[in-house]
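The values are calculated or read from the model by the stated rules, or taken from the named source; none is laboratory data. Here the structure is a predicted model, which is why all the values come from computation and not from measurement. Backbone-built Cβ (ideal geometry, glycine too); neighbour counts: all protein chains shown.
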Amino acid sequence: MFIRENYKMLIRRFESPRKFIQVIAGPRQVGKTTLVLQCLDELGEISHYASADAAKETDSAWVDQQWEAARVKCGRKKGILVLDEIQKIGNWSEQVKKNWDGDTRKKIPLKVVLLGSSRLLIQQGLTESLAGRFEVIPITHWSYVEMHAAFRFTPEQFVWFGGYPGAAPLIKDPKRWKDYILHSLIETTISKDILMLTRVDKPALLRQLFTLGCAYSGQIFSFNKMLGQLTDAGNTTTLSAYLQLLDSAGLLAGIEKYSGKLIRTKSSSPKLQVKDTSLLSVFSGNTFVEVRKQPDTWGRHVESAVGAHLLNSSVKGEYEVFYWREGNDEVDFIVRKNKKIIAIEVKSGVTRRLSGMKAFTNRYKADKILLIGDSGIHWKDFLNLNPGDIF
């Protein structure tokens, strides 16, 4: 049985005498529920698990019903209540607050775990109603190290097939693998975690933006340029909001430009970046074998794998990820933790633009300069690293 690195952290929090609501949020199908059930088996405590998949969005009493079921099952003994897909219940945060505060006053020793697949909606509920009552354990797509340990993925397979554990058994059947990614992951995430739970006035535009972002992963794309590529595009504010929704759902991010001035950074053209490389591969017109024979195309997939690795690890490493460009000078990734800055250049294809590293270091003081490529840190070795450790 493969156990993710978050396992020990969750066990420690369950065993801690201090009580906080444990919030586990992350993309669909990355093992959130499995992780919690593994922990419950290890602890052997009385527990009650319920998923809001079976409830109606308007059924705010669902939280009360499941909470009371846990109280009855546990009595005055220690126990654990797990509420899965909590973001699907309207007004969930106020219902959780009411029950949690009631248990605290009555000294009922019930510990609570909330699981959700929409980071944005979960965060809104936490900050609005549950301030001071929760701890967050972010769950991301699986890393290469985890996919290798669980499924014996090679680095090349990871770059193409990505970090969704449910898709791993299907990689020898490309059609089934593609159908799983498109329908069980992408379509379910967009339709259930975004469109059903958030106001989206132009759903077709959001889908187009996602497809465009996957096609141009690793490239800097101004919102005005996007408007020219999309039909019924609305305005740049709409595109920015939709990109944030796709990011919160664990699909597609817009990496901001590094600048000493916050306003300039926020208004910069984003560098589009898939959160998992399977989302780039699934829209490719070529097969894994064909792309491996195309150095420039393969290099783009490798760079996206490096970018996804940096973004996913930043959640746990507590650092920020940017890019930098001025004129023809560009640096692929700038990572910042507190006041430390590391500039990263990825060279994995045959033809590459001239590095902007010299121009960047002339303008900003970088604590480290890393080259990922044949003449620096090999990309396979970088995927084995925890990027947070490079500081």
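Report whether or not L114 is under 20 Å from P27 (Cβ atoms), assigned by TED's automatic domain parsing to the domain that holds T34 and at pLDDT 90 or above. It is true that L114 is under 20 Å from P27 (Cβ atoms), assigned by TED's automatic domain parsing to the domain that holds T34 and at pLDDT 90 or above. When R76, R71 are checked against the criterion of being at pLDDT 95 or above and under 14 Å from D103 (Cβ atoms), a single residue qualifies: R71. Each residue in segment 1-32 was checked for being buried (at least 17 other Cβ atoms within 10 Å of the Cβ), closer than 25 Å to D103 by Cβ and modelled with pLDDT of 90 or more, and 5 of them qualify. Based on what the data block shows, is I194 buried (at least 18 other Cβ atoms within 10 Å of the Cβ), touching a helix residue (DSSP H, G or I) at 6+ places or on another chain (Cβ under 8 Å), farther than 15 Å from S281 by Cα and among the β-branched types (V, I, T)? Taking the combined requirement at face value, the residue satisfies it. The condition of being closer than 26 Å to E42 by Cα, over 22 Å from the mean Cα position of the chain (by Cα) and surrounded by fewer than 18 Cβ atoms within 10 Å (Cβ to Cβ) holds for only one of K111, K106, K73, K98, that being K73.
Scanning segment 197-237 for residues that are farther than 24 Å from S284 by Cβ, modelled with pLDDT under 90 and not in a loop (DSSP other than H, G, I, E, B) turns up F223, N224, L227, T236, T237.
Summed over segment 364-391, the residues that are surrounded by 13 or more Cβ atoms within 10 Å (Cβ to Cβ) and assigned to a helix (DSSP H, G or I) give a count of 7.
Go through the residues of segment 155-170 one by one and say whether even a single one is at pLDDT 95 or above and touching a strand residue (DSSP E or B) at 6+ places or on another chain (Cβ under 7 Å). No: zero hits. Beta carbons closer than 7 Å, at least 6 apart along the sequence or on distinct chains, never pair a first residue in segment 162-183 that is free of Cβ contacts under 8 Å to residues at least 24 places away in the same chain and part of a loop (DSSP other than H, G, I, E, B) with a second that is among the small types (G, A, S) and crowded, with 20+ Cβ neighbours inside 10 Å.
Conditions (1) in contact (Cβ under 8 Å) with a residue 40 or more places away in the chain; (2) assigned by TED's automatic domain parsing to the domain that holds D179; (3) part of a loop (DSSP other than H, G, I, E, B); (4) aliphatic (A, V, I, L, M), marked per residue:
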| position | (1), (2), (3), (4) |
| --- | --- |
| L279 | yes, yes, no, yes |
| E290 | no, yes, no, no |
| R300 | yes, yes, no, no |
| L310 | yes, yes, no, yes |
| R325 | yes, yes, no, no |
| V335 | yes, yes, no, yes |
| I344 | no, yes, no, yes |
| S355 | no, yes, yes, no |
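Within segment 72-90, residues that are in the same structural domain as G31 (by TED's automatic domain parsing) and closer than 24 Å to G116 by Cα sit with their Cβ atoms under 6 Å from residues that are at pLDDT below 90 and loosely packed, with under 14 Cβ neighbours inside 10 Å, at 6+ positions apart or across chains, in these pairs: E85/D53; G90/T58. For S355, the requirement of being of a type in the set (S, T, N, Q) and over 24 Å from Q157 (Cα atoms) is met. Applying the criterion of being of a type in the set (K, R) and more than 27 Å from P138 (Cβ to Cβ) to the residues of segment 197-248, the residue that is surrounded by the fewest Cβ atoms within 10 Å (Cβ to Cβ) is K225.
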